[in-house]
Structure formats: structure tokens, C-alpha cells
Amino acid sequence: MFERWFETCGLDDCNIIEISNGETAWRKIQTIIDPLLILLDWTLPGMDGIELCKRIRADRPREFAYIIFFSGRTSPEDEALALVAGANDYIRKPPEPNVLKARIVNGYVDIKATVKLLRDRLTGAWQKAEIERRAEMLMERSKKMGRSLSIILVDVDKFKEVNDTYGHATGDEVLTTVTNRIRHILKITDEIGRYGRGDEFLIVVPHCDAKEILGLGKRIVQRVAKNPVHILKVTPELMKQSETEPTNGTTEEKTETTERKKINVIEIKVTVSVGVATIDPTKDSFSLKELIERADQALYGSKNGGRNRATSFHTVRRKRM
Ligand code: GH3
Ligand code: MG
């Protein structure tokens with residue numbers, strides 16, 4: 001039923017989940033990382049709408065869950081109760097179709113705006129705080145499921161030189177191309193965000209063990225290095241044009257300067273260094289901070305080993321022992 005309403009609102013790029021039990025809904029919501037638009041009934045088996053609303057709000061800030069109460073209770077007191085519990089909006093049943101549609105679209109626009117703000121404007125990867133939030137959630141989930149989780153730290157090699165040689169704007173283009181190349185080989189369930197000093201990325205790969213993650217790290221290194229980055233540079237080219245015209249029996253040379261656009265393609269060789277680390281919750285109990293620290297040590301190993309390579313934390317540790 002809800003699905004039909006969402007569709008009539010033109011929100012066909014949403015993943016719609018309909019759950020008729022409060023307890024089940026709460027369990028499901030806890031597993032979803034993306035910001036949510038929630039249409040919530042008051043009366044539900046398992047856990048009522050007010051209790052569910054309070055729990056969601058305690059767990060997620062307003063921008064991560066837009067909650068619309070949809071209820072047959074029409075008194076202002078009930079509406080106030082729902083809003084105090086954390087609802088963003090309250091719609092009485094039966095709804096006036098256009099009002100319902102407009103209010104759902106409002107919630108959707110807010111959620112979309114949140115997602116946009118969480119992304120890095122240049123590369124489209126998550127911003128640092130968001131990739132950390134996602135990593136925490138995915139780590140919690142992997143602990144509950146008893147499955148391995150791996151992370152990759154990627155750092156562009158000698159990126160400062162790119163900026164110094166070609167300028168910051170070209171550096172930006174290189175960074176965007178590198179991100180696209182990496183994203184191309186990631187799965188939809190993998191998460192990538194900008195991290196560290198700006199030329200560094202953190203990738204979270206769920207359900208992936210130590211052996212698999214080193215393979216993925218190596219593929220990233222190869223994919224980035226495979227072809228140089230091509231940058232189009234459009235520069236004005238000043239040309240002297242001369243024409244010879246006979247005037248009063250003499251020859252006068254007229255010279256004028258014209259400007260044409262010259263298109264140059266610059267090829268920039270770019271490589272990345274990668275460090276990978278894994279947590280197996282059936283054996284390990286360290287924190288996300290420690291996991292990132294391990295990947296950072298592995299990345300350091302790649303840089304020290306000559307760059308343009310992937311190293312796993314296990315290898316770094318074995319060498320030290
Ligand atoms: P290394 O191989 O050791 O990583 O050398 P590096 O030159 O890449 O290392 P360093 O950390 O010194 O330089 C990173 C540079 O990335 C410095 C900073 O100006 C640049 N940078 C950070 N964010 C951006 C960005 O968004 N755009 C551009 N163009 N440059 C950025
Ligand atoms: Mg670098």
C-alpha cells in the first residue's frame with residue numbers, strides 16, 4: 001500500500017520496504033546505513049509507532065531519518081505526542097491525496113539533500129565523517145554476523161608534484177579520475193570516502209577476508225596505473241597574421257594579432273599506494289581506530305617499498321617479527 005503511494009509521488013529511485021510489525025521494523029532500520037524516509041503508522045503489532053519513533057530518533061539525528069506519522073488519530077494531543085516523540089510531520093487518515101503526496105515529496109527532498117551534503121563535492125566519495133560513520137556501522141554489523149570486514153587505505157603517490165607541476169585545478173581533475181577508476185572496481189556494498197590529507201581514500205569492504213582484500217588492493221593499484229590521466233587544456237594561442245596589400249604604388253605590410261584556441265592533451269602518469277587490514281570478529285576484538293591504524297601501517301609499507309603497490313598489515317607485521 002505504502003509502495004503505491006511512494007510510486008504515485010514519482011519516487012521511483014527509492015528502495016521501498018514495507019514492514020507491518022514494529023519490532024521487525026526496528027531491527028531492519030538498525031541495519032540500514034543510508035538516510036531514511038519513514039512513513040509510520042501509530043498502531044502496530046510488536047511495538048507501537050510512538051515507541052518506534054522514539055527509538056529511531058534516539059539512534060539517528062533528524063537529517064538521517066525523516067519520519068512522517070500517518071495515523072487515524074486526529075486529535076491535536078495525539079499529533080503533539082508524535083511530534084514530541086521525534087516525528088518530522090503528521091498526516092491524518094484519510095489523507096487528501098495531493099497533501100499526502102506533497103508531504104512525502106518534502107521528506108524525500110530533505111533526505112536527498114542530506115545525502116548530497118555528505119558527499120565530497122569534488123569526487124563524489126563520502127566525506128571523512130560520513131565514511132567513518134559508515135565504517136562503524138558496518139563493523140558493528142560484521143561483529144553481529146561473525147563475518148570478516150576489511151578496509152583499504154589508498155594514497156596518491158607524489159600528488160604534491162602533480163599540483164606543483166600542472167596546478168591545483170589539474171590536480172583536482174586527477175583526483176576525480178583516480179576516484180572514478182577505483183569506484184569502477186568496487187561493489188555497490190563497498191563504501192569509499194575521502195580521508196587524511198586529501199589525496200587519501202578509505203574504503204570499507206564488508207564480508208571480505210585478509211586474502212581477498214589484498215587481491216582487491218592490488219587490482220586498485222593496477223587499475224589506476226594502467227593508463228595515464230588525460231587532461232584537456234584549452235589555451236589561447238596568439239598568432240601573428242600578416243597580409244600584404246599594395247597601397248599607392250608602395251607595399252605596406254599590415255600585421256595583426258589574432259587569437260585562436262589551442263587544445264592540448266596532457267598525459268599525467270599517476271599511481272597509488274595501498275594498505276589493507278582485516279578484522280575477523282570471531283578472533284579479534286579491536287576497534288575501528290585500530291583497524292585504520294593497521295591499514296595505515298600497511299600503507300606506510302607500500303610507500304617505503306617504492307610506491308605503486310599494495311601491502312597487507314599481516315605482511316608488515318610478519319616482517320617486523
Ligand atoms: P606521497 O607519495 O608520500 O603520498 O607524496 P604526496 O606528495 O602525495 O604527499 P603529501 O601528503 O605531501 O601531499 C598531498 C597533497 O595533496 C598536498 C595537498 O596540497 C594535496 N591536496 C589535498 N587535497 C587536495 C585537493 O582536493 N585537490 C588538489 N588539487 N590537491 C589536494
Ligand atoms: Mg600522497
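The values are calculated or read from the model by the stated rules, or taken from the named source; none is laboratory data. Predicted model only: the values in this text are computed from it and were never measured. As a convention, Cβ positions derive from the backbone with ideal geometry for all residues, glycine included, and neighbour counts pool all protein chains shown.
For ILE152, state whether it is crowded, with 21+ Cβ neighbours inside 10 Å, within 16 Å of ligand 1 (Cβ to nearest atom) and assigned to a helix (DSSP H, G or I). No: the conditions fail for ILE152.
Hey, any hits in the range 204-213 for a residue that's modelled with pLDDT of 95 or more, charged (D, E, K, R), away from ligand 2 (no atom under 16 Å from the Cβ) and within 21 Å of SER302 (Cβ to Cβ)? Checked against the condition, which is being modelled with pLDDT of 95 or more, charged (D, E, K, R), away from ligand 2 (no atom under 16 Å from the Cβ) and within 21 Å of SER302 (Cβ to Cβ), the range 204-213 yields at least one hit. Total residues in the range 178-198 satisfying the condition of being free of Cβ contacts under 8 Å to residues at least 60 places away in the same chain, outside any loop (DSSP other than H, G, I, E, B) and of a type in the set (Ser, Thr, Tyr): the figure is 1.
Just one residue in the set ILE151, ILE111, ILE182, ILE91 is within 16 Å of ligand 2 (Cβ to nearest atom) and touching a helix residue (DSSP H, G or I) at 6+ places or on another chain (Cβ under 9 Å); that residue is ILE182. Every residue in the range 12-70 that is of a type in the set (Phe, Trp, Tyr) and out of contact with any strand residue (DSSP E or B) (no Cβ under 9 Å at 6 or more places or on another chain), please. Scanning the range 12-70 gives a single hit, TRP26.
Scanning the range 288-304 for residues that are among the aliphatic types (A, V, I, L, M) and within 16 Å of ligand 1 (Cβ to nearest atom), which turns out nearest to ARG317 (Cα to Cα)?
Step by step, filter the range 288-304, then rank; the result is ALA298.
Hey, among the residues in the range 229-239 that are surrounded by 12 or more Cβ atoms within 10 Å (Cβ to Cβ) and under 25 Å from the mean Cα position of the chain (by Cα), which one's farthest from VAL272 (Cα to Cα)? By that ranking, first place goes to ILE231. Residue-level check: of (1) within 8 Å of ligand 1 (Cβ to nearest atom); (2) within 26 Å of THR278 (Cα to Cα); (3) without any contact (Cβ under 8 Å) to a residue 24 or more places away in the chain, ASP157 misses just (3).
Would the range 182-197 turn up any residue that is buried (at least 16 other Cβ atoms within 10 Å of the Cβ), within 19 Å of VAL274 (Cα to Cα), charged (D, E, K, R) and within 12 Å of ligand 1 (Cβ to nearest atom)? So far as the range 182-197 goes, yes, one or more of its residues are buried (at least 16 other Cβ atoms within 10 Å of the Cβ), within 19 Å of VAL274 (Cα to Cα), charged (D, E, K, R) and within 12 Å of ligand 1 (Cβ to nearest atom). Among the conditions (1) within 15 Å of ligand 2 (Cβ to nearest atom); (2) in contact with a Ser or Thr (Cβ under 8 Å, 6 or more places away or on another chain), the only one that ILE192 does not satisfy is (1). Do we have ARG133 as more than 16 Å from ligand 2 (Cβ to nearest atom), farther than 20 Å from ILE231 by Cβ and outside the structural domain of ARG294 (by TED's automatic domain parsing) here? It is false that ARG133 is more than 16 Å from ligand 2 (Cβ to nearest atom), farther than 20 Å from ILE231 by Cβ and outside the structural domain of ARG294 (by TED's automatic domain parsing). Taking the listed residues ASP155, ASP110, the one that is acidic (Asp, Glu) and outside the structural domain of PRO61 (by TED's automatic domain parsing) is ASP155, with no other qualifying.
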